[in-house]
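Working notes for the structure below.
Just so it is clear, none of the values below were taken in a lab; they were calculated from the coordinates. Computed from a predicted structure; not experimentally measured. Cβ placement follows ideal geometry from the backbone for every residue including glycine, while neighbour counts extend to all protein chains displayed.
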Amino acid sequence: MNAHVPEAGGERHAAIRPVHRGDRAALLRLVEATGVFSEDELTIALELIDTALDVPDQHDYVINVYDDGSVSGYYCVGPTPATLGTFDLYWIAVSPERHGRGIGSALIRHAEDLLRAQGGRLVMVETSSQPRYEATRRFYVHAGYAELARIAGYYRPGDDLVIYGKYLS
């Protein structure tokens, strides 16, 4: 599912498209540049990217990138095992120098449209309560996600798991 989206200010068009093998290095640089992910999280992000690239017939992870001449953002979604119509939004990230231009909003709308087309009815997101994730939590709320649960000390003492969800219908 490719989607053409207007670039902020209408200057040029960008596309949200499936990840290609040539995007791997740019995606790694992008997630590193955000400055919010730990080494373990970076490793996991790369594992999901590699799975999507190396196992094309798998259905656990779908990755789409925001391509405006370079890879400026991406998301990774997949069905939640043992559910009917529930999906996880595993990753969404935008290059820091491109923040505030609507790329994250375009990506999340694209992900939601894709999931609706696949019978999705609920999208779940997990994130951290740490201060460095404050902008991320505000982003989800702005996109219509509600905090559904919080598990104190989940990641480590003082770092709660915050679970957001959004019904698509």
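From the Cα gyration tensor of the chain, with a ≥ b ≥ c the square roots of its eigenvalues, which class applies: rounded if a/c is under 1.5, or else prolate if a/b is larger than b/c, or else oblate? It comes out rounded by the Cα gyration axes.
Please give the calculated 222 nm ellipticity per residue for the chain, where each DSSP H segment of at least 4 residues contributes -39500 (n - 2.57) and the sum is spread over every residue; nearest 500 deg cm²/dmol? Spell out each step's value before the answer.
Numbers: 4 runs with 51 residues, N = 169.
After summing the helix terms and dividing by the residues of the chain, the value is -9500 deg cm²/dmol.
The listed peptides 136-146, 68-78, 51-61, ordered by packing as a protection proxy, come out as 68-78, 136-146, 51-61 (highest mean of other Cβ atoms within 10 Å first).
Of the residues R132, R17, the one with the fewest other Cβ atoms within 10 Å heads the list, and the complete ranking is R132, R17. Packing around the peptides 118-129, 23-34, 84-95, 156-167, taken as the average count of other Cβ atoms within 10 Å per residue, puts them in this order, highest first: 84-95, 118-129, 23-34, 156-167.
Sorted fewest first by neighbouring Cβ atoms within 10 angstrom, D50, D113, D40 come out as D40, D50, D113.
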